[in-house]
Amino acid sequence: MLRICHLYPDLLNLYGDRGNILVLLQRCRWRGIPVSLREVRYGEPVDLAEVDLLFLGGGSDQAQRIAAEDLSSRAADLRDAVEKGLVVLAICGGYQLLGHYYRLPGGGELPGLGLIDFCTEAGPERLIGDIAVEVILGGRKQILCGFENHSGRTYLGQVKPLGRVLRGFGNNGRDGTEGVRYRNVFGTYLHGPLLPKNPALADHLINLALQRRGLRVVLPPLRDFWEKEARRVILRRLHLPEQ
């Protein structure tokens with residue numbers, strides 16, 4: 001049984017982020033992989049040692065503040081689980097919470113978990129639009145497509161980005177990086193939601209979660225007709241070659 005946890009579905013769920021959970025569940029079910037979902041809300045207990053894949057979505061500054069208060073009580077457990085290979089997908093606000101801090105508009109800081117070496121500062125205007133990012137998944141180059149809408153400018157420390165921006169803004173609109181990759185943690189600004197348009201990433205996350213359980217499974221390919229069509233639309237819009 002592959003165990004997925006959606007942390008704060010009531011707080012961090014912007015721009016259809018819950019669609020990422022639906023994709024993970026369905027791609028497992030289509031292949032006959034037993035899978036379960038647990039939704040954990042503010043203040044509810046969860047044993048992260050019993051979780052295979054953790055999802056954190058995006059949210060408003062106020063929602064992030066509430067989530068950050070609760071996350072701080074889980075910081076030690078989450079850090080331990082990450083170091084032991086927990087697979088994590090964190091989108092936008094959820095991504096920002098994994099760093100050292102988010103400097104808010106008008107001053108003040110929202111403390112992060114300090115789980116990964118980066119920080120975020122609010123910018124004067126929002127970075128909005130379609131985005132394409134070149135990444136390496138399982139040793140192969142892939143292009144991730146999505147939609148970004150964030151005022152935060154994220155600056156990485158001694159840690160690798162998730163990928164290189166081909167079109168769009170990415171972490172800060174300046175250095176050409178997008179997201180972060182640390183062990184089995186994937187942080188990104190790609191909303192939309194992300195996984196319906198990027199089945200290669202969805203399958204990569206499922207593979208990592210299975211491998212963490214000691215299972216070496218070759219995932220049978222799926223047809224992915226509509227997923228490919230959605231990607232083609234975005235790539236055409238961004239004047240990039242279709243994959």
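The values are calculated or read from the model by the stated rules, or taken from the named source; none is laboratory data. Fair warning: this is a prediction, and the values are worked out from it, not measured in the lab. Cβ placement follows ideal geometry from the backbone for every residue including glycine, while neighbour counts extend to all protein chains displayed.
Please verify whether I91 is of a type in the set (V, I, T), in contact with a Gly (Cβ under 8 Å, 6 or more places away or on another chain) and closer than 27 Å to D224 by Cα, treating the condition exactly as stated. Taking the combined requirement at face value, the residue satisfies it. Here R174, R153 are screened, and the one residue that is at pLDDT 95 or above, touching a Lys or Arg at 6+ places or on another chain (Cβ under 9 Å), under 16 Å from L127 (Cβ atoms) and in a strand (DSSP E or B) is R153.
Among the residues of segment 28-77, how many are in contact (Cβ under 8 Å) with a residue 40 or more places away in the chain and loosely packed, with under 13 Cβ neighbours inside 10 Å? Don't jump to the end; show me each part of the working.
Quick first cut of segment 28-77, residues in contact (Cβ under 8 Å) with a residue 40 or more places away in the chain only: 28, 30-31, 33, 46, 48, 50-61, 63-68, 70-72, 75.
From what's left, loosely packed, with under 13 Cβ neighbours inside 10 Å: 30, 50, 60.
The total comes to 3.
Say whether the condition of being of a type in the set (S, T, Y), in contact with a Lys or Arg (Cβ under 8 Å, 6 or more places away or on another chain) and modelled with pLDDT of 95 or more is met by at least one residue in segment 119-128. Scanning segment 119-128, I find at least one residue that is of a type in the set (S, T, Y), in contact with a Lys or Arg (Cβ under 8 Å, 6 or more places away or on another chain) and modelled with pLDDT of 95 or more, so the answer is yes. So, in segment 214-243, of the ones that are assigned to a helix (DSSP H, G or I) and among the basic types (K, R), which residue ends up surrounded by the most Cβ atoms within 10 Å (Cβ to Cβ)? Step by step, filter segment 214-243, then rank; the result is R231.
Buried (at least 17 other Cβ atoms within 10 Å of the Cβ) and part of a strand (DSSP E or B): does that describe I21? It is false that I21 is buried (at least 17 other Cβ atoms within 10 Å of the Cβ) and part of a strand (DSSP E or B).
Of the residues I116, I131, which is β-branched (V, I, T), assigned to a strand (DSSP E or B) and either over 30 Å from L222 (Cβ atoms) or touching a residue at least 24 places away in the same chain (Cβ under 8 Å) (or both)? Walk me through how you get there before you give the answer.
Details: I116 fails: assigned to a strand (DSSP E or B).
Only one candidate qualifies: I131.
Residue pairs whose Cβ atoms lie under 6 Å apart, separated by 6 or more positions or on different chains, with the first residue in segment 83-94 and under 14 Å from A67 (Cβ atoms) and the second of a type in the set (A, V, I, L, M) and in a strand (DSSP E or B), are A90/L56; G94/L56.
Among the residues of segment 186-202, which ones are crowded, with 21+ Cβ neighbours inside 10 Å and not in a loop (DSSP other than H, G, I, E, B)?
F186, G187, T188, H191, L195, K197, L201, A202
Filtering segment 178-196 to residues that are modelled with pLDDT under 95 and either touching a Leu at 6+ places or on another chain (Cβ under 8 Å) or over 17 Å from D17 (Cβ atoms) (or both) leaves only H191. Only one of the numbered conditions (1) under 21 Å from P111 (Cβ atoms); (2) outside any strand (DSSP E or B) is violated by R27, and that is (1).
Only residues that are among the charged types (D, E, K, R), under 17 Å from the mean Cα position of the chain (by Cα) and either under 20 Å from V46 (Cα atoms) or modelled with pLDDT under 95 (or both): list them for segment 61-117, please.
So the first thing to find is which residues in segment 61-117 are among the charged types (D, E, K, R), and the list is 61, 65, 69-70, 74, 77, 79-80, 83-84, 103, 109, 117.
If we keep only those that are under 17 Å from the mean Cα position of the chain (by Cα) too, we end up with 79, 117.
Result: R79, single match.
Of all residue pairs spaced 6 or more apart or on separate chains, those with beta-carbon atoms under 9 Å, a first member in segment 155-166 that is closer than 16 Å to L137 by Cβ and a second member that is acidic (D, E) and assigned to a strand (DSSP E or B) are P161/E178; L162/E178; G163/E134; G163/E178; R164/E134; R164/E178; L166/E134.
Hey, can you tell me all the residues within segment 59-113 that are among the charged types (D, E, K, R) and either in contact with a helix residue (DSSP H, G or I) (Cβ under 9 Å, 6 or more places away or on another chain) or not in a helix (DSSP H, G or I) (or both)? If you could, list the steps in order and put the result at the bottom.
Here is the first cut: in segment 59-113, the ones among the charged types (D, E, K, R) are 61, 65, 69-70, 74, 77, 79-80, 83-84, 103, 109.
Result: D61, R74, D77, D80, K84, R103, E109.
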